[in-house]
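Notes follow the structure.
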Amino acid sequence: MLKEFYNKNKQHITIIALFLVVSVAYCYPILSGKKMNQNDDFSAKALNVEAEKYYEKTGEFIGWTNSMFSGMPTSVGSNGPGNYSVNLIYAFAETFDGFSFDVIFWSLIGMYILFCALGINPWLGALGSFIFAFSSFNILSLEQGHVQKVFNIALMPLLMGGIYLIFQKKYIWGFIATAFGVNYQIGMGHYQITYYAAIAAVVMCLFYGLYCIVKNENQLLLKAIPLLLVAVILGALPNLSVINTYYASHETTRGGASELTAPSAGETNSTDKKKDGLDYNYATQWSYGLTESFTFLVPNASGGDGQNLAYEFDKRGQPKPRKDSETLQALQDNVTDNAQYGQLANAAQAYWGKQPFVGGPIYFGAIVCFLAIFGLIASQKVEKWWIIILTVLFLLLAWGNNSIVYKFFFDFVPVFNKFRTPSMALSVVQIGFSLLAILGLVEIYKAGNKERLVKPLLYTGLGFGVLLVIMAIAPTTLFSFESVNDVTRGLPDWLLSAMVDDRAALMEKDALRSLLFIAGAFLVIFLYLKGTLKGVNTALIAVAILIVIDLWSFNQRYLNKDKFVTPAAKKSIIAPSAVDQQIMQDPTHFRVFNLAAGNPFSDWKTSYHHHSIGGYHGAKLRKYQELIENQINTMNPSVLAMLNTKYLIVDGGQGETIQRPLKNPMGNAWFVNNVKVVENADQEMAALNVDSTNVFEPAQTLIVQKKNLPEDWNGFTPAADPSASIQLLDYAPHKLKYESNTSKDQVAVFSEIYYEQPDGDGWKAFVDGQPVEHFRGDYVLRAMKVPAGKHLIEFKYDASETRFRGIISFIFMIVLIIVSGALIYLKNKGKLSKFENTDIQKA
């Protein structure tokens, strides 16, 4: 049976084996035990580090962590116990290499499935898969540690292939591919890419739905619609754990509208108080510029990344003057003050696009762009039209605030305004370019009338040639090379002039590079079409080699052997500093605020070792974000005290040092003598101020919105009891035990974040084992009435709904596997042959 299977599929098996070799070869340092150093991988794990350590110790899943932002639900960063097919992929990656070659490998596999579905020659499909996998969008994302995103992108073609097969009457494989495509798109957990995949799927379905109507294929449409619906449902059910994230989103910056109506002090535009979703300006910061799109063809068309124009830096970060740098010469000629020199030199960046910064340019490949346009003109396959529609649509979305189409989607398309970084839409654009490029090669491969292709080739070659010649010899006739960021930095004209010259030089160099690659591919194809070069395979192999050299060599600029480090070196990145170790000697339960790391709300490292006031995450709790904007950013000493901030880490001039806050921390819990009831969120936030008009004293007064008071409040006023005490007995991330002792009924405040979800998950309070009501006070904290006497008070994080959905998800995963296996078995036995077309024309 195995021999028969191999003989039947040996070409595919060979190609998959080649994919593995290519993936490992690109990431060859892993063979010596090294792992990729991915900054964003560290930051992504920081949220759940406490929860993961607890799981390793006890085997118990918990739904809460105190690692960052004074406490957050873990469902914001992951689904908890969820899609086990996805967990297997991640487990493999973490076991063998820590996300490098396997991500590339899955990208190759995912795209290859789509090419096979389209009926493309397997070897051309393999080349197209390489083009897709080695698009710099994927490689840069991998280098930066955005592994969830790349995994989602890698398997997007699986969903597209399934939809295509269903409309080609390949119902069985189409159903299975669609179901698993949906399964992985939801399960991989990068919901912005999942949302883009859904848009792409809808566009494909609409295209083929209209095509069926035009071609009077009503029976096909009547079969396809229910099949697609069942496949979507079957693929979605193993991901019921995504509901956990949905419910958590209600309380985050991406969820419902804020209660505040007044502008926040120093507001960062991260929230929009008027509507559900993100603020438009915040969401569109990373909009790909119109002129920046030339990077698809010429990598340094927008200056590349944020490299310095005057100096380059070695592995140790030591500066070295750049050769032939006009910027360096201008600095040396015009600046004598060392401090000013350093400031201007640091500001002289190569990148001049509209985005705040980038890790590198999005480069699809010079030959790929050339072949894509050629394929667009020359291809006679109907498939090119939905590919063109998708490519253009997602390019317009990637342009963000430069595009009226994006504004329309943001304002009117459901859920769209919950996502930021429009440039991420290029994840679909790269699929379009890969497909169109291969469709161009398919025309050459199958050309019966070669002369038909000569004119499209000449027109395409002439267009690219003229453009690249201008970019190589006179780039300033097309581009200004000036950035809006230059203006905000207030750079002098003499420096800007030199920077423009250096940026133009970067474009010139890469334009010449792209011109040479396209000229080589053009020459090979032209000679073949004219009969001078014999053998289509020879021509296509030559073009493939040029494409591989182009993409491989360019990506080495960003993801190369220097990005791989030994496990010890990688571990050292998150190793505690001397200051961390000193703080870790304190056995009590407290929080840390790291001000030495620059922006404390882009600081993930502190969360690996302490309970942090700050942190880094794209979906903070909305209430806490508002507290940051109005109080923490101003270093309100009373608010830091109520959050139990015991240590500040500051820059002491010669490195990190410890500093105590201006106000002593309130501890884990305390009683208050006064409860100030306010009418709305604006009043509650204002009551926390410490300024000339108000002095908030958390030890004395609890601020509560009227609507948040417990049902049994009835005008309760706590009585003073100097002997009253409350202390933390036991701490776990999801279980807190306190002992209270008071002669009179009191109101206790806990330095823990109040949180509950619409589905019932969240913090529950108990007194002597009996459930009691607690409420939100001081804008973000927990509070409760405590009866007189000696009592055991407990807070437990209830994640029962999350765990239940995890169990159900596992059951449905088994169902998906069984149904798919049964369909394949019946298909191989010939039981389903009458239900599908077995004669699909291949390219």
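The values are calculated or read from the model by the stated rules, or taken from the named source; none is laboratory data. Predicted model only: the values in this text are computed from it and were never measured. Glycine gets a Cβ as well: all are built from the backbone with ideal geometry, and neighbour counts include every protein chain shown. Just so you know, the surface numbers come from the protein's heavy atoms only, side chains and all, with ligands and any DNA or RNA stripped out. Shrake-Rupley method; radii C 1.70, N 1.55, O 1.52, S 1.80 Å.
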Cα-based helix-to-principal-axis angle, 156-167 vs the chain, degrees rounded to 10: 60
For region 447-602, give the magnitude of the charge dipole about the Cα centre (Cβ charges: +1 Lys/Arg, -1 Asp/Glu; no others), in debye to the nearest 20. 840
Using a/c under 1.5 as the rounded threshold, could you call region 557-652 rounded, prolate or oblate? The axes a ≥ b ≥ c are square roots of the C-alpha gyration tensor eigenvalues, and prolate needs a/b larger than b/c, oblate otherwise. oblate
Can you give me the accessible area per residue for the chain, using a 1.4 Å probe, in Å²? 43
Karplus couplings for region 55-68 from phi (6.51 cos²θ - 1.76 cosθ + 1.60, θ = phi - 60°), rounded to Hz, Gly and Pro as x? 5, 4, 7, 10, x, 9, 6, 10, x, 9, 9, 9, 5, 9
K831 accessible area, 1.4 Å probe, all protein chains in place, Å² to nearest 10: 140
Looks like region 483-602, by Cα gyration tensor root eigenvalues a ≥ b ≥ c and the a/c under 1.5 rounded cutoff (else prolate when a/b is bigger than b/c, oblate otherwise), is oblate
Suppose only helical runs count, i.e. DSSP H with n ≥ 4. What mean residue ellipticity at 222 nm does that imply for the chain under -39500 (n - 2.57) per run, divided by all residues and rounded to the nearest 500 deg cm²/dmol? -15500 deg cm²/dmol
Pairs of alpha-carbon atoms within less than 8 angstrom and 6+ residues apart define the contacts here; what relative contact order does the chain have, in percent? 16
What trypsin sites (Lys or Arg not before Pro) does region 697-773 have in DSSP loop regions with at most 15 other beta carbons within 10 Å? K744
What does the charge add up to near I163, with Lys and Arg as +1, Asp and Glu as -1, over the other residues with Cβ less than 14 Å from its Cβ? +2
Taking the alpha-carbon centroid of each part, what is the distance from region 409-450 to region 150-168 in angstrom? 13
DSSP loop (so not H, G, I, E, B), at most 12 other Cβ within 10 Å: list which trypsin sites (Lys or Arg not before Pro) in region 361-455 pass both filters. K446
Identify which of the listed values of percent of Cα pairs over 47 Å apart was calculated from the structure shown: [x] 40; [y] 34; [z] 30. [z]
Once amide hydrogens are built 1.01 Å from N within the peptide plane, the residues lying 5 or more places from T65 or on another chain with amide H under 5 Å from its amide H are M72, T74
When all protein chains stay in place, what accessible area (Å², nearest 10, 1.4 Å probe) is found for C116? 50
Relative contact order for region 91-244: what is it in percent, counting Cα pairs under 8 Å that are at least 6 residues apart? 22
Output row, site F61, 7 Å Cα→C-beta label point, backbone N cut-off 15 Å, window region 189-219, residues 189
Computed for region 534-664: size of charge dipole around the Cα centre, +1 on C-beta of each Lys and Arg, -1 on C-beta of each Asp and Glu, debye to nearest 20, value 300
May I ask for the distance between the Cα centers of region 285-363 and region 106-146, given as a whole number of Å? 31
Please state the shape class of region 418-497: rounded when a/c is under 1.5, otherwise prolate if a/b exceeds b/c and oblate if not, all from the C-alpha gyration tensor. oblate
Could you size up the charge dipole of the chain around its Cα centre, putting +1 on the beta carbon of Lys and Arg and -1 on that of Asp and Glu, and report it in debye to the nearest 20? 3320
Two-site label geometry, T566 and D337: point separation in nm, points 7 Å out along Cα→Cβ: 4.6
Summing Lys, Arg as +1 and Asp, Glu as -1, what charge do residues with Cβ under 12 Å from the Cβ of K737 carry, K737 excluded? -2
Just add up the charged neighbours of I726: K/R +1, D/E -1, any other residue whose Cβ is under 12 Å from the Cβ of I726. 0
Tilt relative to the chain, helix 171-187 - C-alpha long axis, 0 to 90 degrees, to 10: 40
Measure out, as a whole number of angstrom, how far apart the alpha-carbon centroids of region 625-651 and region 177-242 sit. 47
Along the charge dipole of the chain, pointing to its positive end and built from +1/-1 on Cβ of Lys, Arg, Asp and Glu, which listed residue (F357, V22, H774) has its Cα farthest out? V22
